[in-house]
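Peer 1: Pasting in a structure now, in structure tokens, and then I'll have a few things to ask.
The values are calculated or read from the model by the stated rules, or taken from the named source; none is laboratory data. Remember, predicted model here, so these are calculated numbers, not experimental data. Here the Cβ is made from the backbone with ideal geometry for all residues, glycine too, and neighbour counts use every protein chain on show.
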Amino acid sequence: MISRRALELTTATLTGVFGAAVVISSIDKGTGWSTAGVDAGTFPFLTGLIVVIASLWNLARGWLESRAVAVSSSDLRHLIALFAPAVVFVAAIPLVGVYVASGCYMLGTLALLHRFSLPRSLLIAVTTPIALYLVFERMFQVSLPHGALADVLGF
Amino acid sequence: MDNIESLLHGFTIAITLPHLALMLVGVLLGILVGVLPGLGAPNGVSLLLPLTFGMQPVSAIILLSSMYWGALFGGSVTSILFNIPGEPSSVATTFDGYPMARDGRATAALATAFGSAAFGALVGVMLITFLASWVAQVALAFGPPEYFAVYFLAFASFVGMGGAPPAKTVVSLAAGFAIAAIGIDTVSGSVRLTMGIDELVKGISFVVAVMGLFGIGELLLAVEEEVQAKAVSSRIDWREVFRTLLNLPRHGWALLRSAAIGCWMGITPGGPTAASFMSYGIAKRFSPRSARFGQGEAEGIISPETADHAAGTSALLPMLSLGIPGSATAAVMMGGLMIWGLNPGPMLFIEQKDFVWGLIASMYVGNIVAVALVLVTVPIFAALMRIPFFIIAPLIFIICTVGAYSVSNSYLDVVLMLGFGIIGYLFKKLSYPLAPLVLAIVIGDKAEDAFRQAMLMSKGSLGIFFGNALVTTLVLAGMALLLLPLVLQVAHVRTTTKPILD
């Protein structure tokens, strides 16, 4: 279970760290006026600074937030059930390519995770990559990653 | 009268067989993304964007804008039939649309929604027809300081009128600007904010950000809420449709008021979502039948729908004439314009007459196509909603992944999209607004350039932003909007503490 307060604090910290990183990395690009005009780092420096200040404000407000549950444990289970396989899918793309990865991803989530009937899951898992191939590589000539596996197999 | 002539010329461009076909495809795809929870207009349009690179700009914009109209209509279908808003901007339609449909008047609810939506869109397009070229003409005289002042005003109005907590809006905006600055600086040529990742030199595409923020973010929210379609009957009774449409003029005052609210929120970038909520709220407060709101009152459907579509349409006015998009989807389209090699802003009306007027004419036709198509296809798309979400969700995820990849054939973009997805989820959950973030990513570079050019003109003095009456007015108006939330809060504290003091 995650409380609203924890969520607010986490988000404010994330944005604050991002802002700080922007500020730090733009300082060495120069942050002011020089003979060439406004230095390259000025604009990012200012925006980063604004992000940091506003994040601190949100952090303080978040501290006062209620501890009521914002994401219940069943919500969290649903979230992980969607997101974890998706991350595995994305991680698998460089290895096996989009086509194999998307087929396995569909089969895995449908048949294993949601106990959907196997023949139907298989049908969807096979149709998905074929549809992707037809739409992207054939109709619009956008080449999708084939992965290291395809290189090995010589496609 | 020049405008009418140009518009007629525009119709000769818009009403050709290929363009009508594109409208048809665009509207259908739009309804599809509008109906599916987890896919919305901004990321629907950005998914199509890489596929338009080989097209004529006017054909491409007709396809994308038609998709936008379709999505606006599609969002209302699920709001009314399933009590599931397909789009954030159609949340307010569920309040009265679903109760009306549940009482067995689904056709009446849908026809009311589509009829008033079409009216809102019509008002929006007419506003563009008569005002856009005039605004562009005024804007032609703008120099860098004026431009920066207009950008400043646009962003300040998000903070002042967007409705989200001001500090959160500021984070969203400023983070967007920082993201826009990543990569090569166009002025000095130096590489900024890549944090040691070489591939970031090319910058972060707004398409990737939109795909993650809206696509993955929405998906995570939808799966958490466990959307389950409990449909009411979706059969359309055509006689009822015509009866309802003929009855609409009786709500003339509500229609006009909502259209005005919508146009205002579309032009000052408040966006369709804020417009529909505001319009519903005002209708509820001032309607003599306000007690019936929430139980299937027609005006409770008319008000948000009219405002939603009026805002969605008129959001293209500042995009075309000033280069400042009025909504997240308009921002994505504007990014498209820049990719196709066009320069959004007043010069469009001089250099790209065919493009501008072809688009404006297509908005009239496209909305008619959308109303007709959405009525005919309601049963089909309603059936689509019966597919379990656990099948749709991974499919949407795959589509977003492939979409993010196809922007520049980069795997890093896919990883970035995942990151933006988490941010999108957190931001939506905690009511950080996403539209300013996207807007800032799209026009961040232009705003920065305007600022730096203005500073070159003044040799580093900020005084240039108070150099003439126009700039001063714009900057002061922007500052007033920034301070508005603070003033309102103080006023609120005063009025709530007064009784205690008495």
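Peer 1: Does segment A:104-126 include one or more residues that are surrounded by 18 or more Cβ atoms within 10 Å (Cβ to Cβ), more than 7 Å from chain B (Cβ to nearest Cβ), farther than 25 Å from residue B:221 by Cα and out of contact with any Cys (no Cβ under 8 Å at 6 or more places or on another chain)?
Peer 2: no
Peer 1: Tell me, which residue of segment A:51-82 that is assigned to a loop (DSSP other than H, G, I, E, B) and more than 25 Å from residue B:394 (Cβ to Cβ) is farthest from the other protein chains (Cβ to nearest Cβ)?
Peer 2: A:67
Peer 1: Please go through segment B:1-50 and give me each residue that is without any contact (Cβ under 8 Å) to a residue 24 or more places away in the chain and within 30 Å of residue B:219 (Cβ to Cβ), ordered by number.
Peer 2: Selection gives B:48 alone.
Peer 1: For residue B:301, work out the one condition from (1) on the phi > 0 side of the Ramachandran plot; (2) touching a Ser or Thr at 6+ places or on another chain (Cβ under 9 Å) it doesn't fulfil.
Peer 2: Only one criterion in (1) on the phi > 0 side of the Ramachandran plot; (2) touching a Ser or Thr at 6+ places or on another chain (Cβ under 9 Å) is unmet by residue B:301, namely (1).
Condition check ((1) of a type in the set (D, E, K, R); (2) at pLDDT 90 or above; (3) out of contact with any helix residue (DSSP H, G or I) (no Cβ under 8 Å at 6 or more places or on another chain); (4) closer than 25 Å to residue B:274 by Cβ) across all residues:
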residue	(1), (2), (3), (4)
B:327	no, no, no, yes
B:331	no, yes, no, yes
B:336	no, yes, no, yes
B:342	no, yes, no, no
B:347	no, yes, no, no
B:354	yes, yes, no, no
B:357	no, yes, no, no
B:362	no, yes, no, no
B:366	no, yes, no, yes
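Peer 1: Does residue B:330 qualify as being farther than 24 Å from residue B:5 by Cβ, in a helix (DSSP H, G or I) and within 13 Å of the chain's Cα centre (by Cα)?
Peer 2: So residue B:330 fits the description; yes.
Peer 1: To continue, here is another question. Just to be sure I understand the filter: pairs with C-beta atoms under 8 Å, separated by 6 or more residues or on different chains, first member in segment B:383-394 and within 14 Å of chain A (Cβ to nearest Cβ) and free of Cβ contacts under 8 Å to residues at least 24 places away in the same chain, second member surrounded by 18 or more Cβ atoms within 10 Å (Cβ to Cβ) and among the small types (Gly, Ala, Ser). Which pairs pass?
Peer 2: B:394/A:86
Peer 1: Further, regarding this structure: Among the helices (runs of 4 or more DSSP H) lying completely within segment B:1-81, list those that include at least 2 residues that are within 18 Å of the chain's Cα centre (by Cα).
Peer 2: B:17-35, B:41-48
Peer 1: When you look at residue B:446, is it more than 10 Å from every other protein chain (Cβ to nearest Cβ), surrounded by fewer than 24 Cβ atoms within 10 Å (Cβ to Cβ) and over 26 Å from residue B:143 (Cβ atoms), yes or no?
Peer 2: No: the conditions fail for residue B:446.
Peer 1: Tell me which residues, restricted to segment A:13-49, are modelled with pLDDT of 90 or more, at the interface with chain B (Cβ under 8 Å from one of its Cβ atoms) and either in a loop (DSSP other than H, G, I, E, B) or under 21 Å from the mean Cα position of the chain (by Cα) (or both).
Peer 2: Across segment A:13-49, the qualifying residues are A:14, A:15, A:18, A:19, A:21, A:22.
Peer 1: Name every residue in segment A:84-103 that is more than 19 Å from residue A:121 (Cα to Cα) and at the interface with chain B (Cβ under 10 Å from one of its Cβ atoms), in order of residue number.
Peer 2: Result: A:87, A:90, A:91, A:93, A:94.
Peer 1: Is one or more of the residues making up segment A:18-30 among the acidic types (Asp, Glu) and touching an Asp or Glu at 6+ places or on another chain (Cβ under 7 Å)?
Peer 2: The answer is no; no qualifying residue exists.
Peer 1: Select from segment B:174-194 the residues that are facing chain A (nearest Cβ under 8 Å) and within 17 Å of residue B:437 (Cβ to Cβ) and write down the one among them that is farthest from the chain's Cα centre (by Cα).
Peer 2: B:193
Peer 1: Mind counting the residues in segment A:127-150 that are over 26 Å from residue A:81 (Cβ atoms), surrounded by 14 or more Cβ atoms within 10 Å (Cβ to Cβ) and more than 7 Å from every other protein chain (Cβ to nearest Cβ)?
Peer 2: Looking only at that region, the number is 6.
Peer 1: In addition: Can you name the residue in segment B:17-49 that is buried (at least 24 other Cβ atoms within 10 Å of the Cβ) and β-branched (Val, Ile, Thr) and is also modelled with the lowest pLDDT among such residues?
Peer 2: B:35
Peer 1: Kindly indicate whether residue B:283 is closer than 30 Å to residue B:324 by Cβ, assigned to a helix (DSSP H, G or I) and either in contact with a strand residue (DSSP E or B) (Cβ under 9 Å, 6 or more places away or on another chain) or free of Cβ contacts under 8 Å to residues at least 60 places away in the same chain (or both).
Peer 2: Here the answer is yes, as residue B:283 does meet what is asked.
Peer 1: If only one of B:107, B:112, B:169, B:186 is touching a helix residue (DSSP H, G or I) at 6+ places or on another chain (Cβ under 7 Å) and not in a helix (DSSP H, G or I), which one is it?
Peer 2: So the residue among B:107, B:112, B:169, B:186 that is touching a helix residue (DSSP H, G or I) at 6+ places or on another chain (Cβ under 7 Å) and not in a helix (DSSP H, G or I) is B:186.
Peer 1: Here is a list: B:132, B:156. Which entry is more than 14 Å from chain A (Cβ to nearest Cβ) and of a type outside the set (S, T, N, Q)?
Peer 2: B:132
Peer 1: Another question, if that's okay. Somewhere in segment B:34-46, is a residue over 21 Å from residue B:125 (Cβ atoms) and polar (S, T, N, Q)?
Peer 2: Looking for residues that are over 21 Å from residue B:125 (Cβ atoms) and polar (S, T, N, Q), one finds at least one in segment B:34-46, hence yes.
Peer 1: Just to be sure, is residue B:281 on the phi > 0 side of the Ramachandran plot and not polar (S, T, N, Q)?
Peer 2: So residue B:281 does not fit the description; no.
Peer 1: Another one. Return the residues of segment B:189-207 that are in contact with a helix residue (DSSP H, G or I) (Cβ under 9 Å, 6 or more places away or on another chain) and not in a loop (DSSP other than H, G, I, E, B); say none if nothing qualifies.
Peer 2: Across segment B:189-207, the qualifying residues are B:191, B:192, B:199, B:200, B:202, B:206, B:207.
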